[in-house]
Structure formats: C-alpha cells, structure tokens
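Beneath this line is the structure, given in structure tokens, with notes to follow.
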Amino acid sequence: MTTLRTEIGFFAGIGVFFAAVGALYGFWTGWTEEVGFTALFLCAGLGFMVSFFLWSAARKLPTRPEDDEHGEIEQQEGPYGTFAPYSWWPLWLSLAGSIIFLGLAVGAWVAAFGFVMGVWAVCGWAFEYYTGEKAH
C-alpha cells in the first residue's frame with residue numbers, strides 16, 4: 001500500500017479542498033445560490049471517489065510493476081481486448097445520436113426515429129462477430 005500513498009493523499013487533498021471551498025462559498029452566498037456550492041461539493045465527491053478507488057486498489061497490490069527498478073515492460077502490460085479491423089456500426093450509431101439530438105430541436109417524431117435507429121445500430125454492433133465474414 002505504500003506505493004499508492006502519494007496518489008491517495010493527492011486526491012483526498014483535492015476532495016478536502018473542494019469541500020472547504022464549497023462550504024465557504026455556500027456560507028458567503030447565504031446558501032441561496034444553489035449551483036455553485038453544489039458543483040463544488042460534487043468536485044469534492046469526485047476527489048474522494050478517486051482516492052477511495054486508489055486506496056481499495058492499493059490493498060490488493062503488494063507493489064506496482066512500475067515501481068520496480070529492474071522491471072520489464074511485459075510486467076505492466078495487460079490484455080487490451082479484441083477490436084474489429086473495420087466496422088460500419090459506429091458510423092450508424094453516431095448518425096442515430098445526431099438524429100436524436102436533431103429531434104430535440106425539430107420534433108419528437110425525429111428523435112423517436114433516431115432512437116429506433118440507435119437500437120438497431122447497437123444491436124448490429126453487439127452482434128457483429130456472430131454473423132458474416134467475422135463470425136466466430
């Protein structure tokens with residue numbers, strides 16, 4: 001746990017700083033302006049969340065591979081996943097997202113069309129490896 005102590009303290013310090021500034025801001029404005037101190041307290045929560053994650057990860061790791069002076073690159077690398085060499089589904093999904101946001105400005109029927117198209121694109125992307133030339 002000693003290897004992550006600096007990172008844990010850094011993000012906990014960010015959480016404490018934003019919590020103190022949020023309380024000071026709320027007191028200064030008389031708690032009437034809701035957005036400012038709410039955003040500052042949310043930033044404090046984010047700092048505490050990252051600090052908690054690093055603390056819980058440090059309990060499971062005896063040492064980090066990057067802290068080993070005689071370490072090799074292979075100790076740190078992990079699986080990166082399997083990616084399609086080419087796929088048209090992200091294009092259709094982004095087009096569906098654009099149509100949904102266009103529907104917010106034009107009309108609900110356009111957003112509904114974009115939603116249906118988005119469901120179709122997500123299903124196509126999820127099942128891309130089950131049919132066609134890339135089937136496993």
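Read-outs: derived from the displayed coordinates by stated rules, not from any lab. Here the structure is a predicted model, which means the values were calculated and not measured.
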Cα-based convex hull, the range 12-102, per residue volume (Å³, whole number): 172 Å³
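Would you work out the Kirkwood radius for the range 89-134? I mean one over the mean of 1/r across all pairs of different Cα atoms, in Å. Walk me through the numbers before you get to the answer.
Working: mean 1/r = 0.0924 Å⁻¹.
Computed over Cα pairs of the range 89-134, the Kirkwood hydrodynamic radius comes out at 10.8 Å.
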Relative contact order of the chain, defined on C-alpha pairs under 8 angstrom at six or more residues apart (%): 20 percent
